[in-house]
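For reference, the structure is listed below as structure tokens.
Please treat every number below as a calculation from the coordinates, not as lab data. For clarity, every value in this text was computed on a predicted model and none was experimentally measured.
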Amino acid sequence: MTDIVNNTGVVVEIREVEQGDDHGEGELFATLQSGDRKVIRGMTFLDRMKYFGARSIHVTAILAAGTTTKIFAAQYFATYGRVVFRLHNQKLVDEPEKMSGIRRMRPVRFLACV
């Protein structure tokens, strides 16, 4: 599981964009209000890539003066257990954190094995 946290103070959109999409609009995956968090399966984007082809993940902070976007490979969210987004000088910054195996497991699955 991957915990995505919005500590930017503004709204953040996460879009899944197909390779070759010059406009970068893609499909809206999630909208996070300031202070929101979303827990996703880390493999979500990789699994979808198998069926729908190569894609990238665009994370956009919507500012009063425009937007700032960071682009990630699909495997980025599978690599890290927690990603916190912040703004630094009006630029979107990510702070990834790796987590060990047991902390990444779904609690229900873990309890079912005990």
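Assorted remarks:
- For Gly42, the amide hydrogen comes within under 5 Å of the amide hydrogens of Thr2, counting only partners 5 or more places away or on other chains and with H modelled in the peptide plane.
- Region 35-76 shape via C-alpha gyration tensor axes, a/c threshold 1.5: oblate
- Long-range amide H partners of Thr8 with built H, under 5 Å: Gly35
- Listed candidates (i) 52, 32, 18; (ii) 34, 30, 26; (iii) 57, 38, 20 - label of the one calculated as Cα extents along the principal axes in Å: (i)
- Residue by residue, region 80-96 carries 3J(HN,Hα) couplings of 10, x, 8, 10, 10, 9, 9, 9, 9, 6, 6, 10, 6, 10, 10, 10, x Hz when phi is fed to the Karplus relation 6.51 cos²θ - 1.76 cosθ + 1.60 (θ = phi - 60°); x denotes Gly or Pro.
- Per-residue ellipticity at 222 nm computed for the chain from its helices equals -5000 deg cm²/dmol, with DSSP H segments shorter than 4 residues left out and the rest contributing -39,500 (n - 2.57).
- For region 2-113, DSSP calls about 90 percent of its internal beta bridges antiparallel.
- Whichever aspartates and glutamates have a C-alpha closer than 18 Å to that of Lys91, once near sequence neighbours (fewer than 8 apart) are set aside: Glu13
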